[in-house]
Amino acid sequence: MTRSEEVIGATFPVPRPLLKRILDEGKTVFVKPSTLRLKPGMKLVFYASHEDQGWHGEAEVESVEHFTNVEDIIKKYKDELFLTPEELRKYERDRAKWHSRGRRPRPWMVVKLKNIRKYPKVVKPKRFIAVSGRYIKEDEYREILKRAGV
């Protein structure tokens, strides 16, 4: 595998108002159902879904934990969470309606962030970013930074 093919991080869509909490308000804990494998040191590139679509910024993964209970997440991370306790509980209730019968729900992935930075310019991706997210390789990451003016 060449360096340009190396996975260096992931991207996930986040509604713009919630993304502001990470990029502008200093929230450092990102939570979502676990779909990709993240490790400390990887980049998390944030894609604003709905309004003002595009990559708005990034953070470095400090740590990753998995939980099966949202109350444990709320108890441990409280004010660091980018979602309020009420929003996380609603997410859990909505998620119960989404998953297929007979399949176990995925655990919650809790990502502690560091080195959060907002890009000077929003970058439009060349392809759609699904709710489950996708990995980002070195060459795509370099292109994002170049187009963002970083």
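The values are calculated or read from the model by the stated rules, or taken from the named source; none is laboratory data. As the structure is a prediction and not an experimental result, all values here were calculated from the model. Ideal geometry is used to build each Cβ from the backbone, glycine not excepted, and the neighbour counts take in all protein chains shown. When the accessible area is computed, the model is the full protein with side chains, heavy atoms only, and any ligands, DNA or RNA have been set aside. Shrake-Rupley method; radii C 1.70, N 1.55, O 1.52, S 1.80 Å.
Data overview
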| read-out | value |
| --- | --- |
| Hits in the range 89-111 (condition: modelled with pLDDT of 90 or more and either open to solvent by 70 Å² or more (accessible area, probe 1.4 Å) or among the hydrophobic types (A, V, I, L, M, F, W, C) (or both)) | Arg89, Lys90, Trp108, Met109, Val110, Val111 |
| From the options Glu143, Glu51, Glu65, Glu86, residue that is acidic (Asp, Glu), touching a residue at least 12 places away in the same chain (Cβ under 8 Å) and either over 16 Å from Pro15 (Cα atoms) or crowded, with 17+ Cβ neighbours inside 10 Å (or both) | Glu65 |
| Pairs with Cβ under 6 Å, 6+ apart, first in the range 106-120 and touching a residue at least 12 places away in the same chain (Cβ under 8 Å), second in a strand (DSSP E or B) and among the small types (Gly, Ala, Ser) | Lys112/Ser63; Leu113/Ala59; Ile116/Ala59; Arg117/Gly57; Lys118/Gly57; Tyr119/Gly57 |
| First in the range 24-47 and without any contact (Cβ under 8 Å) to a residue 60 or more places away in the chain, second anywhere and open to solvent by 50 Å² or more (accessible area, probe 1.4 Å) and of a type in the set (Asp, Glu), Cβ under 7 Å, 6 or more apart | Lys27/Glu80; Pro40/Glu62 |
| Subset of the range 112-137 [modelled with pLDDT under 95 and either open to solvent by 80 Å² or more (accessible area, probe 1.4 Å) or assigned to a helix (DSSP H, G or I) (or both)] | Lys124, Lys126, Arg127, Phe128, Val131 |
| Filtered residue count, the range 105-146, keeping only those that are charged (D, E, K, R) and closer than 24 Å to Glu25 by Cα | 6 |
| Residue match in the range 79-86 (condition: part of a helix (DSSP H, G or I), aromatic (Phe, Trp, Tyr) and modelled with pLDDT of 95 or more) | no |
| Count of the range 21-65 residues which are in a helix (DSSP H, G or I) and closer than 20 Å to Arg147 by Cα | 1 |
| Of all residues in the range 1-52 being of a type in the set (Val, Ile, Thr) and touching a Ser or Thr at 6+ places or on another chain (Cβ under 6 Å), the one that is farthest from Gly133 (Cα to Cα) | Val45 |
